[in-house]
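Participant: Sending over a structure as structure tokens; questions will come in a sec.
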Amino acid sequence: MSLSGTSSLDGTGSAAGGSSSGVPIFSSLGVGSISSSVSVPSPSLSVGPQQGDGNTGSAAPGGAVELVVRLTNPDQREGVLLELSKKRESFPDLAPILWHTYGTVAALLQEIVSIYPLLSPPTLTAHASNRVCNALALLQCVASHSDTRSLFLSAHVPLYLYPFLNTQSKSRPFEYLRLTSLGVIGALVKMDDADVISFLLQTEIIPLCLRIMETGSELSKTVATFIVQKILLDEIGLLYVCATSERFYAVGTVLSNMVTLLKSNPSVRLLKHIVRCYLRLSDNARAREALRESLPAALRDETFGAALRDDVTVKKWLGQLLSVVPPSEKGQAAGSTPQGNRARQSGPSLLVPPANARPGVAN
């Protein structure tokens, strides 16, 4: 499964920063791969030897240490960002070097905050998007490395990305910005670290992801749903979502709406994460009972039979889900949506929405 094949912003078809292969920001997340940034002409500044010249050692000329030190020089930073984002797979110790080199993290954060004024009104250009996405690609290295992940969280660095996730412009520079920001959060949750989940649950990450799951492109929906899935797979995350009807209703409504949209244009990679979210919710007794009425009918019938014909894993998950969440008489009689159950509830239930509920909001 691959998310590659997206066109570059300059229309040339070239990959990020002129690279022929692009930067696989999401390949390690289990949701495919995509170029991490938009395509712009390569800067004229030379920042050391190119890939393939054999000089990729961390301390060698053109190696990680020399390049990282140059990040603190504003005149060289753009070229170094591009070079490091292209070569980061070649430097296994890049994350500790980035974090512990004086002034480097401050320089990366400066790249992030410098485009805040371009978010509203939305005036972000392809060039500015490309540059900040290269900085975000380096932060993803820090987020995913075992030696720097806890430091990354302690400094609350993910919060700097939330303004990007909160944007709604559908232009390509903004879409790449959201995708790359989601990639950083995705790298965090992929580590199955309870401290990561505990940190994220203290922030607005679930509402932000739910909004993207409803209104984003297929790629951004896929990564946002993956993040919610990983949060649910953690026991703390599952208990958090199922603790109140407001939270369960927000998540359930968005998942149900996504299934409805997929009926006309199925996406197996997106459906995979949706089904896994439902299956994990069914591990909670109250949620399991609520899903008997609210599980979308399209998941119970053969709506996606053809789309899932060759995907053994998703078919297995869906079979497990249906075996533990049989339809209730109410669900069969009145339809399977959270909204459709509003008038039928008597007594405490996760299906009862808050008075002013709206999709994408979880208190």
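The values are calculated or read from the model by the stated rules, or taken from the named source; none is laboratory data. Every value quoted in this text rests on a predicted model; they were computed, and no experiment measured them. Note: ideal-geometry Cβ built from the backbone for every residue, glycine included; neighbour counts use all protein chains shown. The accessibility values were calculated without ligands, DNA or RNA, using every heavy atom of the protein model including side chains. Shrake-Rupley method; radii C 1.70, N 1.55, O 1.52, S 1.80 Å.
Participant: Between the range 163-194 and the range 217-265, how many Å separate their Cα centres?
Facilitator: The range 163-194 and the range 217-265 have Cα centres separated by 16 Å.
Participant: Still on this structure, please answer the following. Before I look further, what does the range 155-200 give for accessible area per residue, probe 1.4 Å, in whole square angstrom?
Facilitator: 34 Å²
Participant: Let me ask you something else. Please give the peptides 192-203, 293-304, 208-219 ranked by average Cβ packing (other Cβ atoms within 10 Å per residue), highest first, as a rough proxy for protection.
Facilitator: 208-219, 293-304, 192-203
Participant: Quick one: net charge around Tyr162, please, counting Lys, Arg +1 and Asp, Glu -1 for every other residue with C-beta under 15 Å from its C-beta.
Facilitator: My count for the surroundings of Tyr162 gives +1.
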